[in-house]
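All of the numbers you see were taken from the coordinates with simple rules; none came from a lab. All values reported here derive from a predicted model rather than from experimental measurement. FYI the Cβ positions are ideal-geometry reconstructions off the backbone, even for glycines, and counts take in every protein chain you see.
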Amino acid sequence: MYLRGSFNTRKSNMDNNKLKNPAYLFEVSWEVCNKVGGIHTVISTKALNMEKEYSSSHILIGPDVWRYTEQNPEFIDDPRLFRSWRQRAAQEGLRIKVGRWNVAGKPIVILVDFSTFITQKDEIFASFWEKYKLDSISGQWDYIEPALFGYAAGKVIESFVRFNSSIRQRIIAQFHEWMTGAGLLYLKSAMPQVGCVFTTHATVLGRCVAGNNLPLYSEMKNYVPEELARRLSRRPQHIKPIVSLRSVRSRLPNVLIFWIKK
């Protein structure tokens, strides 16, 4: 993991110890309890150490993609966890499951059913365009579903923080990859006191270039990202992490931006 950038470095160094002990540390990924690729491995294999370091203050958030099929083998339901808040979340229209991730460390996990927001997708994406110029108009379902999950995760964090913490407590939310960026954008306006970390593990354009057998390193300087994203029909996926990064740069002096080098 490499540090991409930090801002107001002197102040950031002074606050490092405080940031290491937040009241809650949320970690949002499309691959929590949902094995798709390498990000699942990254997060699941560090869960044990995160549990030792933060215990019950570390909460993972993933998509409830098994909701219409058999039981998710990676998820262990725990009705004792956050019982009162779960009732409040249900009253707010949030469909969630709370339990443990069936990996080493058994970290707390919240699975979010984002399907309830499908009927609101036009209004949600219109809002992101008006606030951040995030262009979702050409996004297909491989863009729409993760974007709605990110948005729903942001609303879950907002609900949880309002119910379980005070305004003076430090809250941090880490968002992995472009799929969760909508949650970061939502929190910027809905709950700006939440500190955010955006982590990207690769780029959509890099994967598409490699997947289409196009020259990468030899033509790197000649590629125009916007034009290439349009040509490969990946403009929304390309734009979202850029907008997310601009958002965290503009809102918090202590935010850290990471990328994972593979």
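Odds and ends about this structure:
- Applying the Karplus relation 6.51 cos²θ - 1.76 cosθ + 1.60 with θ = phi - 60° to segment 26-38 yields 3J(HN,Hα) values of 8, 10, 10, 8, 5, 9, 6, 6, 8, 6, 10, x, x Hz, where x marks Gly and Pro.
- Potential lengthening between residue 223 and residue 46 on full extension [0.36 nm per residue; Cα-Cα distance subtracted]: 60.1 nm
- If you plug the beta carbon distance of residue 70 and residue 167 into 1/(1 + (r/R0)^6) with R0 = 30 Å, you get a FRET efficiency near 0.10.
- The simple spin-label model puts a point 7 Å past each Cα toward its Cβ; for residue 231 and residue 118 those points are separated by 3.5 nm.
- Distance in nm between pseudo-label sites at residue 55 and residue 140 (7 Å out along the Cβ direction from Cα): 4.8 nm
- Ranked by the mean number of other Cβ atoms within 10 Å of their residues, highest first, the peptides 81-93, 27-39 come out as 27-39, 81-93.
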